[in-house]
Each structure stands twice: as C-alpha cells, then as structure tokens.
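The values are calculated or read from the model by the stated rules, or taken from the named source; none is laboratory data. Just so it is clear, the structure is predicted and the values come from calculations on it, not from any experiment. Cβ sites come from the backbone with ideal geometry, for glycine too, and all protein chains shown count toward neighbours. The accessibility values were calculated without ligands, DNA or RNA, using every heavy atom of the protein model including side chains. Shrake-Rupley method; radii C 1.70, N 1.55, O 1.52, S 1.80 Å.
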Amino acid sequence: MENVISVDLEDWYHLVHLRDYAKNKTPQIQYSIQPILKLFKKYNTTTTFFVLGEIAEKNPEVIELINKDGHEIASHGYSHKPLWEISKEEFIEELEKTKSIVTKISKEKILGYRAPYFSISKERSWAIESLKEMNYKYDSSIFPLKIGSWYGDSSAPLNPYNPLNSDILKNNHDENFKEFPLTVFDKNEIRFPLAGGIYLRTYPFLIFKTLLKQVKKQGRSLFLFFHPWETHKNLIKLDVPFKNKFIVYYGIKGMLKKIEHLLKTYKFSSFRENLD
Ligand SMILES: [Zn+2]
C-alpha cells in the first residue's frame, strides 16, 4: 500500500477556534492553494483533496485547479461542523449537497470522505453505515489515539481495515469499504500522534521525521494530512485567546518546507489509487 499525504480543503473561518471570532468570512483559499499545487507538481505527486462543499460553492475555480492537476476529489462535508454538532439526517444532507456541487465541477464520482475533526467514533458509527449506504468506498476519519476530549480512540486499528457496521473499530474482510486511519506512532503499546496538521506544524521536525521513519520500519504506510491555511504565511490574524492562537497560528511559517521534505523523502499517492 502507498503513502498518502492528503489535503483537507477548508478556509480559516471554518475552524472552531476562529469561527466565533470571525467578523467577516473573507476567503483566502484562492491564495493558499497555489503553492500547494505547485509543490505537488514539482514532486510529480497526485493526492486526495477532501473538499468542503461550501468552498466548492464559493470558490469553484479552486476545485477546477485541483481537478485539472489530476488529484482525487473527495468529500469533507459541507459546513465543517464536527459530527458531534449534527444529526445523522444533517450529515446525509451535507454529503448530498457537497456531492452535487463538487461533481458538477469535477465530473467524477466521489469515493471517499473525511469527517471534520476526525469526529467519527464508536458512538457515531451511523456515519460509516450511512457512507456505505450512499456508495462511498472509503473513509479516513479514524484517529487511532484518544486526543483529550476531542477525538480519537486508542483501541482503533493502526492500519487500513474494513469496518464492521456493528463495531466500526473491528475488521470484516467481507465489507467492500475501507477505513484508512491517520498515522500514529505505536511502540510497546505507547501511541503518539503524527498524522500531520498541527502535529507536523508544532513538533520539532527532527522528532517528527524520526518517528515517521520508525513507522515505515514497521512496514506501515503513512496516512498524513494538512490544511491549506496551515501553509499560508499571510493568513488573517484574529485576536483570539492564547490557546486558540497557538493551535491555529503556530508553525505556519515552516510548514511548506516540512511538506516539501516529506514529498522528497517518501513516495505518495491518493487514496483512490490505494483502493485497487
Ligand atoms: Zn477540516
């Protein structure tokens, strides 16, 4: 199986740490996407973009650019509300709405989904069930490590598996639906988050690289992610509490360089290519 470094396509005002402080929602995605596409092109890599329906609606030109470069376009829902804020019915509505907006632009079937804030858990197994019913082929929302009261489950499988409806953390070979859990380091039953995003941004890079190497030594594929806003040096700066400031803004300056290093070091492809 190949490594994947996917992109969750959302804008700064979709973040729960900023959304309540945002007086206006001025899109910046049209600026942050360019250097990312350029970087993927430089390393001859196509990947998976989990696209937010609202972005596709407001900035269709961004989806066209991604599509033109041959990347896979998958779904990140419509509003970026975590699943703990919405009902099953709203979840299905969001998926349908996003699909109709995005496929008009991409002209391709959407195969995969990633929940905002990795918010699919055992308590919300209805999400996996709904995805299967809606003919999705994979999900990449399971974070195999509990992160505070936020997300994740430390008993989740580390490697791709076929989730069972009655227990989405269990594997069932007969299911025609894949789960690609985000990469965490695991040794002697100690798990440590890697995954990308804030962890890639805030850890000393030497530590991040060393732990990734260990994961590869264990024969595992890397499933990493990042957001365009995390690479955008001129990201709109809001006066938010210190904790929010750290979570959103820390390490943005060095992020593209780190991603470039990963692209140089490992071979990456899309989730779609991993399905075959
Ligand atoms: Zn997101």
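A few comments on the model shown:
- Mean residue ellipticity at 222 nm, helices only, the chain: -11000 deg cm²/dmol; runs of at least 4 DSSP H residues each add -39,500 (n - 2.57), and the sum is divided by the number of residues.
- Vicinal HN-Hα couplings computed from phi for the stretch 152-157 (Karplus, 6.51 cos²θ - 1.76 cosθ + 1.60; Hz; Gly/Pro x): x, 8, 6, 9, 6, x
- Backbone geometry of the stretch 257-264 corresponds, through the Karplus equation with coefficients 6.51, -1.76 and 1.60 at θ = phi - 60°, to 3J(HN,Hα) couplings of 4, 5, 4, 4, 4, 5, 5, 6 Hz, x marking Gly and Pro.
- Fraction of beta bridges assigned by DSSP in the chain that are antiparallel (%, nearest 5): 30
- Under 5 Å between amide hydrogens, built in the peptide plane, is the criterion, and for LYS178 it picks out TYR138, ASP139 among residues at least 5 positions away or on other chains.
- Summarised as an ellipsoid, the stretch 98-222 has semi-axes of 26, 18, 14 Å, derived from the eigenvalues of the Cα gyration tensor scaled by 5 and square-rooted, with the largest first.
- Distance in nm between pseudo-label sites at ILE190 and ASN24 (7 Å out along the Cβ direction from Cα): 5.0
- Evaluated at q = 0.24, 0.27 Å⁻¹: base-10 log I(q)/I(0), Debye formula over Cα of the stretch 183-235: -0.93, -1.10
- Full extension of the chain segment joining LYS58 with TRP150 gains 30.2 nm, where the gain is 0.36 nm per residue of separation less the Cα-Cα distance.
- Taken along the Cα-to-beta-carbon direction at a fixed 7 Å, the label points for LYS216 and LYS107 span 3.7 nm.
- Segment GLU89..LEU206, full-extension length gain: 37.7 nm, with 0.36 nm per residue of separation and the alpha-carbon distance subtracted.
- For GLN28, nonlocal amide neighbours, meaning residues 5 or more places apart or on other chains whose placed amide H falls under 5 Å from its own, are TRP12.
- Long-range Cα-Cα pairs in the chain (distance over 28 Å), rounded percent: 30
- Residues GLU93, GLU129, ordered by accessible area of protein heavy atoms at a 1.4 angstrom probe radius and largest first, appear as GLU93, GLU129.
- Distance from the Cα centroid of the stretch 35-77 to that of the stretch 124-165 is 23 Å (rounded to whole angstrom).
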